[in-house]
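The values are calculated or read from the model by the stated rules, or taken from the named source; none is laboratory data. Computed from a predicted structure; not experimentally measured. As a convention, Cβ positions derive from the backbone with ideal geometry for all residues, glycine included, and neighbour counts pool all protein chains shown.
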Ligand code: LR7
Ligand code: MN
């Protein structure tokens, strides 16, 4: 790839932890101090100094928009609520932010770039003695059209909460953004900050190739990756580096806390109810609880814990070890699969994965991706992953995508790498690292469930929490995915650990509850009816002006109650 612009600026080297480094900011700060004849500024005054690019509103206007007394907005990670009755042009600004970023950019812009956060660490963490030989880290942050305030808050949180001697540099990789604030204004802003390298790609690389590019500029012996909408908390880096200095084949992840997409509240995970990483047979990363056996053997809830997978965005890895693992598959496009690739190969090729609960980093979780078109699946990435690492288990993934692999390119080099590194089998990984995995039930029927004549399939986007309309009827597409079901020999209709359920008069997906009657569905091969055991009602189509809906009705052997469960042989 061609790099169009590289800037390394080390204007003022100093050992102090810099609170906020933009020249413009310091200049304004000094001016204000002089004017007031004081040396300290209130939080409020500091907040007022930050130019907010997103909303060009006056201070008074801003103040009038925000509910509640907290100043500056978002202080200590608190949520920011907007007043109910906003002027039309403000409503428009808020809408625009949501549309462009799928989070509340307007609110984010109201919060200082260097806002304070509470220390989310357990007391146990604060008395740890970390190695005196901690390595230095290069922090790589890739972004495509990120909002100004989330990107720079990520950067400032690193600068503010990382001891200088541990931070080699921050590498910002701009993956061909076209938003104005990320052009000259970003360059002007970061060039005044010591130890920031801004790399821009000359065409859209996608997150994996952008990371590979960032790695080339990393000179620290450890590389830390962050998404471009994160906030690091006190002492986040030391415990990660400490695990790596003890064993450089460890790949370690902080606890990923949540920054609310609407209010930007920082919500720390309770480490007594810690989540670790798993995956499902769509090859998507999922969060899971800690298995009981592991839980009871732990030294302390804040002690590092091994995990089958990591979420992929926030982690630290020894640069040499990463190189030995062949970094990432460089044919991965835009988004997805690299997290599991790294997870599988770390375990299979001699390393290990850990979550370190003494390290907390927040991330803005969002429900959709602004850069992703509806229906775009990045299938190629997942097929490449399955081809290289899953051995015979790849069949479970292929069933999920209707066995349509598409053109996934050449994977021979990645297979060679696996051989050269003498990596263990996927079976070994499942048996030893992820024994709690749910294997698809082989003796059940797997596939679509569709109406006999209407060409409509049971379809669910699989989101727990949205009971109403979580299961719908849509045109059959034979691509697996949201129309892929498992009909077990006990009569459950499942998707991973969720079961088709009839509760509160709603047909929905709910956690499988051990074969309760509301989750048992009898299929009659002759009448083709699907009858719910608890209610004794049958699945039916019902016509509405918006199209067909899935409902339960008294069993009457009518044409709207005739279904086919694919691959069901009557057993
Ligand atoms: O073309 C692109 N170029 C980019 O540089 C597309 C994205 N990106 C950047 C983007 O600006 C962001 O900083 O890549 C980063 C990840 O993209 P997100 O934040 O839009 O997606 P995400 O939060 O769902 O990403 C999760 O899954 C991805 C799969 O490829 C990556 O592994 C992300 O790093 C991962 N994020 C996390 O693990 C954060 C923890 C939350 C979880 C789960
Ligand atoms: Mn993200």
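At a glance:
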read-out: Boolean, residue 235 is more than 19 Å from residue 161 (Cβ to Cβ) and either surrounded by 20 or more Cβ atoms within 10 Å (Cβ to Cβ) or in contact (Cβ under 8 Å) with a residue 60 or more places away in the chain (or both); value: no
read-out: Selection within the stretch 339-367 - outside any loop (DSSP other than H, G, I, E, B), within 14 Å of ligand 1 (Cβ to nearest atom) and closer than 19 Å to residue 230 by Cα; value: 339, 355, 359, 360, 361, 362, 363, 364
read-out: Matching residues, the stretch 511-531, being buried (at least 16 other Cβ atoms within 10 Å of the Cβ) and in a strand (DSSP E or B); value: 521, 523, 530, 531
read-out: Filter result for residue 505 (closer than 28 Å to residue 531 by Cβ and either modelled with pLDDT of 90 or more or surrounded by fewer than 16 Cβ atoms within 10 Å (Cβ to Cβ) (or both)); value: yes
read-out: Of residues in the stretch 361-403 being touching a strand residue (DSSP E or B) at 6+ places or on another chain (Cβ under 6 Å) and within 16 Å of ligand 2 (Cβ to nearest atom), the one farthest from residue 104 (Cα to Cα); value: 361
read-out: Among the candidates 66, 111, residue that is at pLDDT 85 or above and touching a strand residue (DSSP E or B) at 6+ places or on another chain (Cβ under 7 Å); value: 66
read-out: Check on residue 367, out of contact with any helix residue (DSSP H, G or I) (no Cβ under 8 Å at 6 or more places or on another chain), without any contact (Cβ under 8 Å) to a residue 12 or more places away in the chain and within 19 Å of residue 280 (Cα to Cα); value: no
read-out: Condition broken by residue 282, with the remaining ones in (1) within 11 Å of ligand 1 (Cβ to nearest atom); (2) touching a helix residue (DSSP H, G or I) at 6+ places or on another chain (Cβ under 8 Å); (3) modelled with pLDDT under 95 satisfied; value: (1)
read-out: Residues satisfying the stated conditions in the stretch 299-313, i.e. surrounded by 14 or more Cβ atoms within 10 Å (Cβ to Cβ) and more than 15 Å from residue 250 (Cβ to Cβ); value: 301, 302, 311, 312, 313
read-out: Checklist (1) in contact with a strand residue (DSSP E or B) (Cβ under 7 Å, 6 or more places away or on another chain); (2) closer than 14 Å to residue 451 by Cα applied to residue 558, failing item; value: (1)
read-out: Criterion: modelled with pLDDT of 95 or more and outside any strand (DSSP E or B) - qualifying residue of 567, 534, 482; value: 534
read-out: Test: residue 198 is more than 23 Å from the chain's Cα centre (by Cα) and in a strand (DSSP E or B); value: yes
read-out: Odd one out for residue 331, checked against (1) more than 16 Å from ligand 2 (Cβ to nearest atom); (2) in a loop (DSSP other than H, G, I, E, B); (3) out of contact with any helix residue (DSSP H, G or I) (no Cβ under 8 Å at 6 or more places or on another chain); (4) in contact (Cβ under 8 Å) with a residue 60 or more places away in the chain; value: (3)
read-out: Evaluation of residue 354 against (1) more than 16 Å from ligand 2 (Cβ to nearest atom); (2) in contact with a strand residue (DSSP E or B) (Cβ under 7 Å, 6 or more places away or on another chain); (3) within 22 Å of residue 387 (Cβ to Cβ) (one fails), failing number; value: (3)
read-out: Selection count where residues are buried (at least 18 other Cβ atoms within 10 Å of the Cβ) and farther than 27 Å from residue 441 by Cβ, scope the stretch 549-567; value: 1
read-out: Top-ranked residue of the stretch 118-129 - restricted to ones that are in a loop (DSSP other than H, G, I, E, B) and at pLDDT 95 or above, ranked as farthest from ligand 2 (Cβ to nearest atom); value: 122
read-out: Count of residues meeting criterion [within 16 Å of ligand 2 (Cβ to nearest atom), touching a residue at least 40 places away in the same chain (Cβ under 8 Å) and not in a strand (DSSP E or B)] in the stretch 155-195; value: 3
read-out: Residues within the stretch 316-328 that are within 14 Å of ligand 1 (Cβ to nearest atom) and out of contact with any helix residue (DSSP H, G or I) (no Cβ under 8 Å at 6 or more places or on another chain), tallied; value: 0
read-out: Residue list for the stretch 368-393, filter: near ligand 1 (Cβ under 9 Å from one of its atoms) and either modelled with pLDDT under 90 or not assigned by TED's automatic domain parsing to the domain that holds residue 331 (or both); value: 369, 370, 371, 372, 378
